[in-house]
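To start, the structure under review is shown below, and the notes come after it.
The values are calculated or read from the model by the stated rules, or taken from the named source; none is laboratory data. From a predicted model like this one, the values you see are computed outputs, not experimental measurements. Don't worry about glycine lacking a Cβ; one is built from the backbone with ideal geometry, like all the others, and counts go over all protein chains shown.
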Amino acid sequence: MSSSSPTSAHDGAPQPLTAHRTGALQGRVRAPGDKSISHRAMIFGLLTVGETTVEGLLEGEDVLRTAEACRALGATVARTGPGAWRIQGVGVGGLREPAGSLDFGNAGTGARLMMGVVGGHGITATFDGDESLRKRPMRRILDPLTLMGAQVLAEAEGGRCPITLRGAVDPLPIEYRTPVASAQIKSAVLLAGLNAPGRTVVIEVEASRDHTEKMLAYFGATVTVTPEGEHGRRIVLEGRPELRPAPVVVPADPSSAAFPIVAALITPGSDIVVEGVMMNPLRIGLLTTLEEMGADIVAQNRRQEGGEEVADLRVRHSALTGVDVPAGRAPSMIDEYPVLAVAAAFAAGETRMRGLQELRVKESDRLQAVADGLARNGVDHAVVGDDLVVRGAAGAARGGGAVATHLDHRIAMSFLVMGLASEQPVTVDDRRMIATSFPAFESLMQGLGASFTA
Ligand code: S3P
């Protein structure tokens, strides 16, 4: 699969990129399609007999790898126009054993959700990815799948890829309490539970993004979600549903929108609109935090798109103030901490981001990568246990640093955003991974007035 790699993120040598201080950012943009929903649209297409159409798909490398895996498992997947795709699925129970290993590139979501799919089918598949994915913990997925009857035939040390999984011929429905608030773990169990008789139950102590539950219901499964404890949820899926094809419209990704939003907040004079941003409450912890910091963000034209509320966000340069971000907010902004740290560097006073242990197992050790990047750019900060403390310089940041991105798209984009407003340019060592989630990042930002040089 890697030989026919759909985009260039993994090809060739690292490509450094430098962001320069720019004047006011201005204009209207639309962030790319949501990555979480795009992966799931492909997977639900595979698990449905008949034709699923998708509009607004994120055509980033991560999602294209999931599309490739769906093909390898028996689906017919075709692009019919920009962001428009058609999937002829095989249905729950109908998967084909893939001929070669499934290469998910940089994508933890693709790999983990697909492990759930395979784990509930009596087929064997090998899961692999790039150097970043090979470092990420997969025990958290393999443990519940093993309880359901799947077998791990081979794994690299510590439950890492490459992993060969033999799915359960007759998966057992289980009741599973996720050890961390992770939509990926929840989704893997639910996807495996699709082919189990009876009820599969997932209990989470903190609610994580709910796209899988929503799409299960949208495709015709019976799913009930009830509150569990103060912040948690109990999700019950009735197994072996007949999924029906349904058109998917993918809203704009709040995690990608975060980059132009923070860029406008920290760049003097800026006034931009980011259109159609998904406002799912389990995804907008960053907006809550930025508003607490004094950000001027106005949600206009709230409406429904593809089963989610979306809004056009008008964002103006703002004098930000440091805040305390509670650990309980982490699931709703888990991918946004790197760019929040950049916003915090421009705020007045201290921002404390609590409970960031999960950042250590993302595309890179993001806690370390952010701390290192801040250090390189003269930002006063500290890592205290699992908390990140940033003491901002009230509108100014020195910049001038060379940042190691460790194959992490969000580290690359976050520090490029910093360079747009810092006194000296900021260079990231490799821009290639940006194509995994936000292929048009550079051109979209340049359209607003950003200045980058290779
Ligand atoms: C995702 C869930 C999150 C997030 C990732 C996408 C998903 O991971 O970091 O980028 O689509 O389910 P965890 O659920 O492991 O926190």
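Selection of segment 214-226 for residues being assigned to a strand (DSSP E or B) and within 24 Å of the chain's Cα centre (by Cα) yields 223, 225.
Looking only at residues in segment 245-262 that are assigned to a helix (DSSP H, G or I) and of a type in the set (A, V, I, L, M), the one that is nearest to the ligand (Cβ to nearest atom) is 258.
Enumerate the pairs (first residue in segment 181-192 and assigned by TED's automatic domain parsing to the domain that holds residue 222; second residue anywhere and more than 7 Å from the ligand (Cβ to nearest atom) and among the β-branched types (Val, Ile, Thr)) with beta-carbon separation below 6 Å, excluding pairs fewer than 6 apart on the same chain, so at least 6 apart or on different chains. Short answer, once both residue conditions are applied: 185/178; 186/178; 186/202; 187/212; 188/141; 189/202; 190/212; 191/117. Which of the numbered conditions does residue 364 fail, given that it passes all the others? Conditions: (1) free of Cβ contacts under 8 Å to residues at least 40 places away in the same chain; (2) crowded, with 19+ Cβ neighbours inside 10 Å. In the conditions (1) free of Cβ contacts under 8 Å to residues at least 40 places away in the same chain; (2) crowded, with 19+ Cβ neighbours inside 10 Å, residue 364 misses (1) alone. Taking the conditions (1) surrounded by fewer than 24 Cβ atoms within 10 Å (Cβ to Cβ); (2) touching a residue at least 60 places away in the same chain (Cβ under 8 Å) in turn, residue 119 satisfies each one other than (1). Among the residues examined, residue 297 does not qualify as over 23 Å from the mean Cα position of the chain (by Cα) and assigned by TED's automatic domain parsing to the domain that holds residue 416.
Taking the numbered list (1) assigned to a strand (DSSP E or B); (2) under 24 Å from residue 42 (Cα atoms) in turn, residue 140 passes all entries but (1). Residues that are in contact (Cβ under 8 Å) with a residue 60 or more places away in the chain and surrounded by fewer than 17 Cβ atoms within 10 Å (Cβ to Cβ) were ranked within segment 308-347; the one that is farthest from the ligand (Cβ to nearest atom) is 319.
For segment 193-202, filtering for residues that are free of Cβ contacts under 8 Å to residues at least 60 places away in the same chain and more than 15 Å from the ligand (Cβ to nearest atom) leaves 5. Screening residue 105 against (1) touching an Asp or Glu at 6+ places or on another chain (Cβ under 6 Å); (2) more than 16 Å from the ligand (Cβ to nearest atom); (3) part of a loop (DSSP other than H, G, I, E, B) leaves a single unmet condition, (2). For segment 205-230, a residue qualifies if it is touching a residue at least 40 places away in the same chain (Cβ under 8 Å), within 15 Å of the ligand (Cβ to nearest atom) and over 14 Å from residue 190 (Cα atoms), and the qualifying residues are 206, 207.
One line per residue, one yes/no per condition, for (1) in contact with a strand residue (DSSP E or B) (Cβ under 8 Å, 6 or more places away or on another chain); (2) modelled with pLDDT of 95 or more; (3) under 22 Å from residue 445 (Cβ atoms):
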| site | (1), (2), (3) |
| --- | --- |
| 30 | yes, yes, yes |
| 39 | no, yes, no |
| 72 | yes, yes, no |
| 78 | yes, yes, no |
| 101 | yes, yes, no |
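Suppose we keep only residues that are within 22 Å of residue 242 (Cα to Cα) and of a type in the set (Gly, Ala, Ser) within segment 175-192. Which one would you say is farthest from the ligand (Cβ to nearest atom)? Only one residue tops the list, namely 192.
For segment 205-213, the condition of being among the polar types (S, T, N, Q), over 21 Å from residue 107 (Cα atoms) and not in a helix (DSSP H, G or I) holds for none of the residues.
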